[in-house]
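Here the structure comes first, spelled out in C-alpha cells, and everything after it is commentary.
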Amino acid sequence: MTEVESTQAVPQDTYRAPRDEGEYDRLRLQHDMVKDVMGGKLLLSPVDLSAPNLQVLDSGTAKAHWVIDLARSLSSESRVVGTDIAPQHFPPESQRPGNVTLTTHSIFENWPLDYINAFDVVHQRFVLAACPDEQVAAESVARLYACVKPGGWIELHEGNMLIIREGPEHAAFMRFRDMMVKSWALIKQQPAPGLQIGKWLREAGATDIQETTQVIKVGAEAESKAEGERAMGVLFQMLDGMKAMLGGHFTKAEFDELRRDLEVELSTVGNFWQYHLAYGRKPL
C-alpha cells in the first residue's frame, strides 16, 4: 500500500448534497455529535489502537474529520488512509498528522490491488445512502470488505430517518421526515440504509458481526442544551442543503415555514432519530 497521495483520475462526483461550507460545517457537527453518542469513541470494533503499524482505511472521508481525529491517537508508525471522490476538499497537508494519507476513490469502483487484504480496520460512515438501490449498496460493501486483512475488522455506520417520535406534538418533525424522504427519493438516495448493513456484511463474508442502534436526541429531548442544539444544527443544515438543491420541487415558503415550526417544536418538545452501527471480522 502506497503512502503517497494518488494521482489517478478523479472519478465523477456523485455526492448529491451541496459542496459548500454549510455542508462541511454540518459534517463537522455530525462528527462531534456521533463521537459523543459513542462515549468519546471513534470505533466500537475491538481493535487494539495501541498496536504499532496499525493500518486503517476510512472510505468517504470528506473533510477527514474522523481520520485526523483517529490518527492523533495512534502510533506514528501507524497509517490512516482516507478516501473520497472530491480531493479538492481535503484539508491541506499542513493540517494533517504525519501518519495520514488522503487519496481519491469512489465507492462504486474497485479498490486498488494494493488495498486488498491490507487494512487492520476499515471504516465507513453515512456513505451508503448515496447508493441508488440496495443491490448497489451491497456490492459497495463487498468491495470495501475485500480491503480488510484476514483477522481484521470492518465497521459501518448508516442512518435511519424513518423511525422518529410521532404524534400531534411532533407534527413539524414528521413533516421534516416526510420531506427528507421525498427529497432523497428525488435524488435517488436511500433514507434508511442502516437497516441493512448487518445483512450486507454477512453477505460479504464477515463473521462475529455485532449490531447496535444509536439514538440522536434533538432539542429538548437531549440530556444537555448543547447536545440538543448541536443536533438541531445538523438537521437545519440538512434542510438548507435540500432547499438549495430542490427548490424546484418545494417552494421557498414551504422550507421557511418548516424551519420556523421545527425550531419552535424541537426547542420545546424535542425528538430523536436513529442510526445503525455494525461491525464484523474477516476470518483468518
Output for segment 102-124, where each listed residue is under 15 Å from residue 148 (Cβ atoms), of a type in the set (Asp, Glu) and touching a Lys or Arg at 6+ places or on another chain (Cβ under 9 Å): 120
What tally of residues in segment 154-181 results from selecting those that are open to solvent by 30 Å² or more (accessible area, probe 1.4 Å) and either part of a strand (DSSP E or B) or touching a Gly at 6+ places or on another chain (Cβ under 6 Å) (or both)? 0
Go through (1) open to solvent by less than 40 Å² (accessible area, probe 1.4 Å); (2) within 14 Å of residue 156 (Cα to Cα) and name the single condition residue 213 misses. (1)
Sort through 185, 137, 204 and tell me the only one that's at negative phi, in contact (Cβ under 8 Å) with a residue 12 or more places away in the chain and open to solvent by 10 Å² or more (accessible area, probe 1.4 Å). 204
Of all strands (runs of 3 or more DSSP E) completely enclosed by segment 32-115, which ones contain at least 3 residues that are open to solvent by less than 20 Å² (accessible area, probe 1.4 Å), farther than 29 Å from residue 231 by Cβ and in contact (Cβ under 8 Å) with a residue 60 or more places away in the chain? 100-104
Residues within segment 231-258 that are at pLDDT below 95 and open to solvent by 50 Å² or more (accessible area, probe 1.4 Å), tallied: 10
Could you tell me whether residue 270 is on the phi > 0 side of the Ramachandran plot and either open to solvent by 10 Å² or more (accessible area, probe 1.4 Å) or not aromatic (Phe, Trp, Tyr) (or both)? yes
Consider residue 150 against the criteria (1) out of contact with any strand residue (DSSP E or B) (no Cβ under 6 Å at 6 or more places or on another chain); (2) assigned to a strand (DSSP E or B); (3) open to solvent by less than 60 Å² (accessible area, probe 1.4 Å): it satisfies all of them except one. Which criterion is unmet? (3)
With respect to residue 130, is the statement that it is in contact (Cβ under 8 Å) with a residue 24 or more places away in the chain, in contact with a Cys (Cβ under 9 Å, 6 or more places away or on another chain) and not basic (Lys, Arg) true? no
Just need a number here: residues in segment 185-203 that are touching a Lys or Arg at 6+ places or on another chain (Cβ under 9 Å) and either modelled with pLDDT of 95 or more or in a helix (DSSP H, G or I) (or both). 0
Check 217, 225 and return the single one that is without any contact (Cβ under 8 Å) to a residue 60 or more places away in the chain and touching a helix residue (DSSP H, G or I) at 6+ places or on another chain (Cβ under 7 Å). 217
Those residues of segment 116-133 which are in a loop (DSSP other than H, G, I, E, B), of a type in the set (S, T, N, Q) and within 20 Å of the chain's Cα centre (by Cα), in sequence order: none
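The values are calculated or read from the model by the stated rules, or taken from the named source; none is laboratory data. Not measured: the values here are computed from a predicted model. Virtual Cβ from ideal backbone geometry, glycine too; neighbours counted across all protein chains shown. Surface areas here come from the heavy atoms of the whole protein model, side chains and all, with no ligands, DNA or RNA. Shrake-Rupley method; radii C 1.70, N 1.55, O 1.52, S 1.80 Å.
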